Amino acid sequence: MVLNAITNRKSVRTYSEKQVEDSTIKEILKAGLMAPSWVNVQPWHFVVVKNQETKEKLSIAANNQNMVKNASAVICCIADMNAWDEKNFSKVMEKQGRNADVRNYILSNPVLNPSLLGEYETLLRTVEQMSYAIGYMTLRAEELGVGCCIVGAIANELTQKDGEASITAKELLGLSDKQILLSLLTLGYEKEHTPTIKSRKNFEEVVSLEKIGKNF
C-alpha cells in the first residue's frame with residue numbers, strides 16, 4: 001500500500017556493498033515518469049550515474065556528502081526548462097490530442113504557460129513539477145526495499161554556491177544552460193536497518209479549515 005511506503009520511508013545515508021540492479025532502478029524511474037505535471041509538460045530529465053569517478057565529483061558538488069559517492073547509483077534529477085519552449089510544449093499537447101485552438105490558447109495564456117512571465121517564474125513552476133516526480137520515486141524505492149536520500153544541498157543555479165563545482169557537474173552530465181541539476185536521489189541497500197522515526201508538526205499546526213487559524 002502507498003500509505004505503508006509513506007509511513008516507512010526515511011532518508012538512508014549508509015549503504016551496503018550490494019548493488020541495486022538496473023531493472024530495479026528502472027522501476028523507480030518509471031514511477032517518477034508517472035507523476036503529474038503542469039499541463040502535462042513533464043519538464044524533467046533523469047540521468048542515472050553509476051560510474052564511481054562521476055559519483056565522487058557529484059559528491060563534491062553536494063558539499064562532500066558521503067552518501068552520494070557511496071551509493072550504488074545516483075539519479076540526477078534535472079529541471080528541463082527546454083520543455084517549456086513553444087515547439088516542445090506544443091508537441092506534448094498535440095500528442096494528447098489537443099487541437100490547434102486549445103494549444104494556442106494555452107501557449108498564449110501566462111496562467112497556463114509560465115514561460116511568458118519570465119525565467120524565474122518558469123523555474124518556480126518547473127521545481128514544483130519536479131517535486132512530484134522525486135516524491136513518487138522515493139515511495140517506489142521504499143516499496144522495492146531500496147534505501148534512498150534526496151540531496152538538494154548541491155552547487156547549482158538555485159543555491160548559487162561554488163560555481164566551479166556546479167559547472168563541473170553540468171559538464172559531466174551533458175547539461176545545457178536551460179537544464180538545471182535540481183536534486184540527487186541516492187540509491188542503495190541500507191547497511192544496517194534502523195527504525196523509521198518521523199518528527200512532524202502537530203496536525204493543528206499545519207492544517208486549517210476555511211482559513212488559517214481555524215481548526216479542521
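Nothing in this text is a laboratory measurement; each read-out follows from the coordinates by a stated rule. Just so it is clear, the model here is predicted, and its values are computed rather than measured. Virtual Cβ from ideal backbone geometry, glycine too; neighbours counted across all protein chains shown.
Of all residues in segment 51-85, which are without any contact (Cβ under 8 Å) to a residue 24 or more places away in the chain, surrounded by fewer than 19 Cβ atoms within 10 Å (Cβ to Cβ) and over 14 Å from Ser166 (Cα atoms)? Within segment 51-85, Asn51, Gln52, Glu53 meet the criteria. Here segment 175-193 is the region considered, the condition is being in contact (Cβ under 8 Å) with a residue 60 or more places away in the chain and assigned to a loop (DSSP other than H, G, I, E, B), and the residue that is surrounded by the fewest Cβ atoms within 10 Å (Cβ to Cβ) is Glu192.
Looking only at residues of segment 137-167 that are in contact with a helix residue (DSSP H, G or I) (Cβ under 6 Å, 6 or more places away or on another chain) and part of a helix (DSSP H, G or I), we find that the one that is surrounded by the most Cβ atoms within 10 Å (Cβ to Cβ) is Met137.
Can Ser23 be described as closer than 16 Å to Gly188 by Cα and either polar (S, T, N, Q) or in a helix (DSSP H, G or I) (or both)? Criteria met by Ser23.
Filtering segment 104-139 to residues that are in contact (Cβ under 8 Å) with a residue 60 or more places away in the chain, under 22 Å from Cys76 (Cα atoms) and not small (Gly, Ala, Ser) leaves Arg125, Thr126, Glu128, Gln129, Met130, Tyr132, Ile134, Tyr136, Met137, Thr138, Leu139. The condition of being closer than 30 Å to Thr168 by Cα, assigned to a helix (DSSP H, G or I), in contact with a Leu (Cβ under 8 Å, 6 or more places away or on another chain) and not aliphatic (A, V, I, L, M) holds for Lys57.
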